[in-house]
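To start, the structure itself, in structure tokens.
Throughout, read-outs are computed from the coordinates displayed, never taken from laboratory work. This structure is a prediction, so every number in the text was calculated from the model and none was measured. For neighbour counting, all protein chains shown are included, and Cβ atoms are generated from backbone atoms with ideal geometry for every residue, glycine included.
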Amino acid sequence: MFAKRFFRNKLSLFGLAIVIILVLVSFLAQHVQPHNPLKISISTRTQAPSKSHYFGTDHFGRDIFSRVLSGAKISLTVGIVSVALGAFIGIILGSIAGYFGGWIDYVITLIMDAIISFPATLLAIGLMSVMGLGVTNIIIALGFIGIPHYGRIVRGAVLSIREKEYVEAARASGSGHLKLILIHVLPNAMAPLIVVTTIGVANAILIEAALSFLGLGVPPPAPSWGNMLADGRNFLIQAPWMTIFPGLAISFTVLGFNTLGDGLRDVLDPKLKQ
Amino acid sequence: MKKYVIRRLVSVIPVLWLVSVLVFGLIHLVPGDPVLVILGTTAEKDQIEAMRHKLSLDRPVLVQYGNWVAGLLRGDLGHSIISDEPVMEMILRRMPVTLTVAAAALLLSLFISIPTGILSAVRHNTYTDYVFMGLVILAVSMPSFWLALLFILLFSVELKLLPMMGYVSIFTDFWEGLRYLVLPAMSLAFILAALVARMTRSSMLEVLREDYIVTALSKGTPRRFIVFKHALKNAFAPVLTIIGFQIGFLLGGTVVIEDIYSIPGVGRLIFTAITNRDYPVVQGCILMVTIVYVFVNAAVDLAYAYFDPRVSFDKK
């Protein structure tokens, strides 16, 4: 039923196709890239797009097409792993808050409200400025920022079914807290969670790019799309292709995850459709 | 309503307290000794001790926090390590610039999004609707800092219409200030406009299907009158929520955009402070922008109650 509805939804299919392409690119980048993305070649500096360099070269003569392909792996890794981390902690905290209620709920909700009170990009900048550069730190920072988004959804779902008869019955028949939450409560939150995590990957990729653009993300010379944009900014007039192609890659990726998320929302939970 | 206003404002207090704890804790996330990170490993022992004392890092954490919060309540966020200026003064001097950029972007986005959303809803399932919604999906996917670079390329380098970077206050020279504001505001407004247009469209569609609208139409009330007089006000409450959420994006985005356009706001201050490892300034900027965001959100909630009187703490 779900598969049938999903494959009838053009938006979902479009998003899924982009995501599949990106995943393939990130795995196969080193086999399909025409040049070494880190190889410096002074003789080919800032060359315009051509047959030998499809997206041109940067100020170090590095092939931008190869760097864009390599950048997919970094962006996808950061996006997916940070969302998985935030969702994992968010689900645990949201379940505990909703299931036990009382002061535990108050404290956890307060913590989540406080985290969500920060403008996300600003909090990411603050965390990266003290934690230092690196993919692991970006994942930790973005995972932390994502926690309340997933926690709130799970808490809401738990609250709505905590007092339902079948949950009472399971409780009376001796099911433990963990079993109750895993078997009866969480499946009810899956639809909105899948939608929010998919769109969450797009947001994480955008913030990672912003951090790397500002020099607070993936350290150079790693070919992160944000880093490439930062380089391009200094050669905006002489070599605009240094800016155009990495930006297109970010937009294409975010478009894929956003449309997949929108499509999944239409299929899984039409009530959430905006 | 008065009770609702008071309770909404009081609900902000515990959140702000926890925000202050998180911001205070930032300096303790610095790997290793923050003083050595600031001064470098070659610093003399007495320099290290002096800096440790200056930052109050030689006291127990709870005492440090207590002193920091006490200062905060007096409007004292400490002093910059580099210039020794009071952090609060540095921020207050730059905050109007950041707020002007954010407000310009918000106004521009509303100017684009509300008519677009209404038109899409009124012409539901027509080519106008498809084109607008297609543009919305594209706009949401484009990073604002990339758009900023493309706008510089197009409007400043190619067409030579607008300045590439810099800032003139609109309060000093309105028209010149406006010229400097256009590109930063446009860079930020696109995503926001897309999100608001999408929400306006879906909210209007919902309201336009309500019985009272159908009745008014069947009575022969002009469609234009119904859309603007009846539907828009009722459709506006959910739109406000999305605007409230996006203020955070706007403030965070402004920080990045300020760096690109060399705008002397809080964002530029943060970057200079990060480069100089001036942690009191970094903490102060993040705290103040977040406080603005928390209060703007509270104001949006109160406005929501105005547009939808069913919303109230008292009617649970």
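Mean partner shielding of peptide B:245-258, defined as the number of other chain Cβ atoms within 10 Å of each residue Cβ, is 4.
Stretching A:LYS4 away from A:ALA84 to a fully extended chain increases their span by 26.1 nm, per 0.36 nm per residue minus the current alpha-carbon distance. Return the single residue from B:LEU161, B:LEU188, B:LEU110 with maximal mean-square fluctuation; model: Gaussian network over chain B, springs between Cα atoms under 10 Å. Maximum fluctuation in the GNM of chain B, among the listed residues, is at B:LEU161. Among complete DSSP H helices in chain B, those whose alpha-carbon atoms stretch at least 24 Å along the helix's long axis and whose mean Kyte-Doolittle hydropathy reaches -1.0 are B:87-122, B:174-208, B:232-261, B:279-307.
Charges were assigned to the Cβ only: +1 to each Lys and Arg, -1 to each Asp and Glu. The resulting dipole of segment B:45-198 about its Cα centre is roughly 300 debye. Kindly flag which residue pairs out of A:LYS10/A:LYS73; A:LYS39/B:LYS160; A:LYS51/A:LYS73; B:LYS3/B:LYS233 have an alpha-carbon separation exceeding 30 Å in this structure. Over 30 Å Cα-Cα: A:LYS39/B:LYS160. Among A:TRP225, A:TRP103, B:TRP68, sorting on how many other beta-carbon atoms sit within 10 Å of each Cβ, with the fewest leading, yields A:TRP103, B:TRP68, A:TRP225.
The Cα atoms of segment A:111-257 cover 72, 32, 24 Å along the three principal axes, with the biggest extent listed first. Evaluated with a Cβ-only charge set (Lys, Arg +1; Asp, Glu -1), segment A:1-65 carries a dipole of roughly 380 debye about its Cα centre, given to the nearest 20.
Fewest-first ordering of A:ILE20, B:ILE48, A:ILE207, A:ILE116 by other beta carbons within 10 Å of each residue's beta carbon gives A:ILE20, B:ILE48, A:ILE116, A:ILE207. Taking other C-beta atoms within 10 Å as the exposure proxy, A:LYS73, B:LYS54, A:LYS39 rank A:LYS39, B:LYS54, A:LYS73 from fewest upward. When both segment A:102-173 and segment A:204-223 are represented by their alpha-carbon centers, they are found 24 Å apart. Ordering B:TRP68, B:PHE111, B:SER80 by Cα displacement along the dipole of segment B:42-135 toward the positive end leaves B:PHE111 in first place; charges were set at the Cβ atoms of Lys, Arg (+1) and Asp, Glu (-1).
Once you reduce segment A:3-28 and segment B:204-254 to the center of their Cα atoms, the two points are 33 Å from each other.
What the Cβ-Cβ distance of A:ILE183 and B:ASP46 gives, at R0 = 45 Å and to the nearest 0.05, is a FRET efficiency of 0.10. Backbone amide hydrogens, once placed in the peptide plane, bring B:HIS79 within less than 5 Å of B:VAL87, excluding anything fewer than 5 places away on its chain.
Charges were assigned to the Cβ only: +1 to each Lys and Arg, -1 to each Asp and Glu. The resulting dipole of the protein assembly as shown about its Cα centre is roughly 1800 debye. Shape analysis of segment B:205-316 based on the Cα gyration tensor places the equivalent ellipsoid semi-axes at 43, 17, 8 Å, largest first.
Once you reduce segment A:43-60 and segment B:109-158 to the center of their Cα atoms, the two points are 32 Å from each other.
Rg ratio for segment B:4-66: its Cα radius of gyration over 2.2 N^0.38 Å, N being its residue count, equals 1.58. A dipole drawn for segment B:1-47 from +1 and -1 charges on Cβ atoms has a positive end, and of B:PRO31, B:GLN47, B:VAL21 the residue lying farthest that way is B:VAL21. Working from label points 7 Å from Cα in the Cα-to-Cβ sense, the B:GLU176 to B:ALA299 distance is 2.9 nm.
Specify which residue in the list B:MET186, B:VAL131, B:MET165 is farthest towards the positive end of the charge dipole of segment B:129-209, using unit charges on the beta carbon of Lys, Arg (+1) and Asp, Glu (-1), about the Cα centre. Farthest towards the positive end: B:VAL131.
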